[in-house]
Amino acid sequence: ASLPLLCFRSPLVAPLIFGLLLQAPFTQPSTITQPNFVLLLADDLGIGDVGCYGNDTIRTPNIDSLAKEGVKLTQHIAAAPLCTPSRAAFLTGRYPLRSGMDAVNDYRVIFWNAGSGGLPPNETTFAKILQHQGYSTGLIGKWHQGVNCESRNDHCHHPLKHGFDYFYGMPFTLISDCQPTETPEMDRAFRRKLWLSTQMIGLITLTAVLGRLTGLISVHWKTLTCLAGFSLLFFISWFSSYGFVRYWNCIMMRNHGITEQPMVTDRTTSLILRESISFIERNKHKPFLLFLSFLHSHTPLLTTEKFLGRSRHGLYGDNVEEMDWMVGQVLDAIDKEGLKETTLVYFASDHGGWLERQEGERQLGGWNGIYKGGKAMGGWEGGIRVPGIFRWPGVLPAGTVIDEPTSLMDIYPTVVHLAGGTVPQDRVIDGRDLLPLLRGAVARSEHEFLFHYCGAHLHAVRWHQKDTGAVWKAHFITPIFSPPGAGACYDRGFCPCFGEGVTHHDPPLLFELSQDPSEATPLSADTEPLFDTVIRKIGRAIEEHRRTLTPVPEQLSVSNVVWKPWLQPCCGTFPFCWCDKEGDN
């Protein structure tokens, strides 16, 4: 008899071979009930700042090892080019316009802890669904989705109202105002105008008083008193907020309690790392979600002395290398607790690097590689194309690179499905479950169209033509770079979304990103035979997309973003807000 016949006659070998034939190349997700999730989100990190995406001068060995052991996405797209709307989309799986978290005005992010806007209570985050699935959910680091609605302690926008069991970090975002030695960053141009107006009003008042005393002008003392009172009230009206930014915005919280007001920046990095590792250790015996929302690499680039001067790119490079070290510490904690095989780790940035962020000769913002534009630019790739890396040993094939359009919004359905939950059926979810693509079960992304907003203004649309693999992108509005040809809006500090600072294109600028990822040469009807077909197809997609939008309250309206003293989180008796509970400990 032949060897195969002899083998199959054995009662022990036959079941073994049968089992081997049925075995999948990678562990089926169903065999791992409710994996842990560690979501690592950098702040303002450019796609060109990471080694595995082409940077050969900033050292990021830990992030690079994630890509080597997992799946790297090369066309991973943020839903918005700024922190607040991008993170709202990440948490909800929906374009920020749907939740009112994109602005029609110039105030495109949460501006104050004491504003009334924020992620609406009726939005369902992935954390809230995982909480219902029995997960322990924690957010460490940056929130920037609002705090209160109507009173100082209602916490309607707080992380604990949005599905997180535990929160430690900044309810706001890191800004240069948090560092006393740095030049103030928040609303810098507006603040200069307020100072100038105050000086002019004061000068007019002083001139009138001197004129009255010398008899050069005839004016009643009552009028002068009113003018002086107006001057004082005007000064108080704005200085009570902008004069104390460090106390109002630069605070640290643990759950609902304030631990530092203002924050002590020298120890922020070590505390965030300590809290992240502690959360993993406390929850190692049950499924958990850890959302580590880094303060790196946002200005003022808080960097410990150990990493200062280590990189070849000044303080920014030092800061990125420190963040990479923090990633390594978190991964080591996962390994130490024996959780590597049961934990899905994800790394990304909330949007592209900030090209205009400079102080003299110092470049304090990131680099976006070959991609045009950067932070605040809703259409150009540099503002929205970000790193995207997944690692799940035994489930996701190591060393895989996927060049398909994906979105930060895709994390929502991916995490929810793996946790055994169901995405809400009463609203549009724009994200798509990535697991089939990540595992190689399908070759194409489920996204046919992605809509690129700048605030509430649609700037560009991407069409993934699945039959050919082409990725077309049409720009309807682009910012006007200043100075011309500079590649960013250096004269403004940020590129605008509307008004005199943008150009409207009719017909739109068209690029085929798989051939021209740098968006260097726009196509035309003369150079591209499919030009008219592609533009018509995208136009129909926009019409269909707009039919899915419903009016919602604007969370970033002027009335919602202004500072309201009765909403100010305070660890003392307002306005005497100061505490250092970490130092006391």
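For region 340-360, the criterion of being open to solvent by 10 Å² or more (accessible area, probe 1.4 Å), more than 25 Å from R188 (Cα to Cα) and assigned to a loop (DSSP other than H, G, I, E, B) is met by none of the residues. Given the condition outside any helix (DSSP H, G or I) and assigned by the TED database to the domain that holds S65, answer yes or no: does some residue in region 323-332 qualify? Checking region 323-332: not a single residue is outside any helix (DSSP H, G or I) and assigned by the TED database to the domain that holds S65. If we scan region 407-421, do we find a residue that is out of contact with any Lys or Arg (no Cβ under 8 Å at 6 or more places or on another chain) and closer than 26 Å to D516 by Cβ? Scanning region 407-421 turns up at least one residue that is out of contact with any Lys or Arg (no Cβ under 8 Å at 6 or more places or on another chain) and closer than 26 Å to D516 by Cβ.
On inspection, L408 fails the criterion of being open to solvent by 10 Å² or more (accessible area, probe 1.4 Å), touching a residue at least 40 places away in the same chain (Cβ under 8 Å) and closer than 30 Å to F288 by Cβ.
Of the residues making up region 488-509, those that are modelled with pLDDT of 95 or more, under 25 Å from R188 (Cβ atoms) and open to solvent by less than 40 Å² (accessible area, probe 1.4 Å) number 7. With respect to V71, determine if the residue is in contact with a Pro (Cβ under 9 Å, 6 or more places away or on another chain) and closer than 21 Å to R432 by Cα. In short, yes. Among residues of region 423-440 being in contact (Cβ under 8 Å) with a residue 24 or more places away in the chain and open to solvent by 40 Å² or more (accessible area, probe 1.4 Å), the one that is nearest to the chain's Cα centre (by Cα) is R432. Does L292 meet the test of being in the same structural domain as N148 (by the TED database), part of a helix (DSSP H, G or I) and open to solvent by less than 30 Å² (accessible area, probe 1.4 Å)? Considered against the rule, which asks whether it is in the same structural domain as N148 (by the TED database), part of a helix (DSSP H, G or I) and open to solvent by less than 30 Å² (accessible area, probe 1.4 Å), L292 comes out as no. I'd like to know if region 165-178 contains one or more residues that are of a type in the set (G, A, S) and either buried (at least 17 other Cβ atoms within 10 Å of the Cβ) or in a loop (DSSP other than H, G, I, E, B) (or both). Yes, there is a match, as at least one residue in region 165-178 is of a type in the set (G, A, S) and either buried (at least 17 other Cβ atoms within 10 Å of the Cβ) or in a loop (DSSP other than H, G, I, E, B) (or both).
Only one of the numbered conditions (1) more than 30 Å from S278 (Cα to Cα); (2) open to solvent by less than 50 Å² (accessible area, probe 1.4 Å) is violated by L210, and that is (2). Contact annotation: residue pairs with Cβ atoms under 7 Å, 6 or more positions apart or on different chains, pairing a residue in region 126-138 that is surrounded by fewer than 24 Cβ atoms within 10 Å (Cβ to Cβ) with a partner that is basic (K, R), are S136/K286. Inspection of region 151-161 identifies at least one residue that is more than 24 Å from P575 (Cα to Cα), buried (at least 17 other Cβ atoms within 10 Å of the Cβ), in contact with a Leu (Cβ under 7 Å, 6 or more places away or on another chain) and not aromatic (F, W, Y). When restricted to residues that are among the hydrophobic types (A, V, I, L, M, F, W, C), farther than 18 Å from H155 by Cα and touching a residue at least 40 places away in the same chain (Cβ under 8 Å), region 561-585 contains 2.
Would region 550-557 turn up any residue that is surrounded by fewer than 15 Cβ atoms within 10 Å (Cβ to Cβ) and over 22 Å from L97 (Cβ atoms)? The answer is no, given that none of the residues of region 550-557 is surrounded by fewer than 15 Cβ atoms within 10 Å (Cβ to Cβ) and over 22 Å from L97 (Cβ atoms). Collect the residues in region 510-525 that are of a type in the set (G, A, S) and surrounded by 12 or more Cβ atoms within 10 Å (Cβ to Cβ), keeping them in residue-number order. Across region 510-525, the qualifying residues are S514, S518, A525. For region 476-507, residues that are of a type in the set (S, T, Y) and under 16 Å from H457 (Cα atoms) total 2.
Would you mention how many residues in region 213-243 are among the small types (G, A, S) and open to solvent by less than 50 Å² (accessible area, probe 1.4 Å)? Count: 6. Scanning for something among the acidic types (D, E), within 18 Å of M409 (Cβ to Cβ) and either within 16 Å of the chain's Cα centre (by Cα) or at pLDDT below 95 (or both), does region 104-114 turn up at least one residue? No: region 104-114 contains no residue that is among the acidic types (D, E), within 18 Å of M409 (Cβ to Cβ) and either within 16 Å of the chain's Cα centre (by Cα) or at pLDDT below 95 (or both). Reported count of residues in region 410-426, each being among the hydrophobic types (A, V, I, L, M, F, W, C) and under 16 Å from R94 (Cβ atoms), is 4.
The values are calculated or read from the model by the stated rules, or taken from the named source; none is laboratory data. No experiment lies behind these values; they were computed from the predicted model shown. Every residue, glycine as well, gets a Cβ built from its backbone with ideal geometry; the counts of neighbours run over all protein chains shown. For the accessible areas, the whole protein counts, side chains as well, though only heavy atoms, and no ligand, DNA or RNA atoms are used. Shrake-Rupley method; radii C 1.70, N 1.55, O 1.52, S 1.80 Å.
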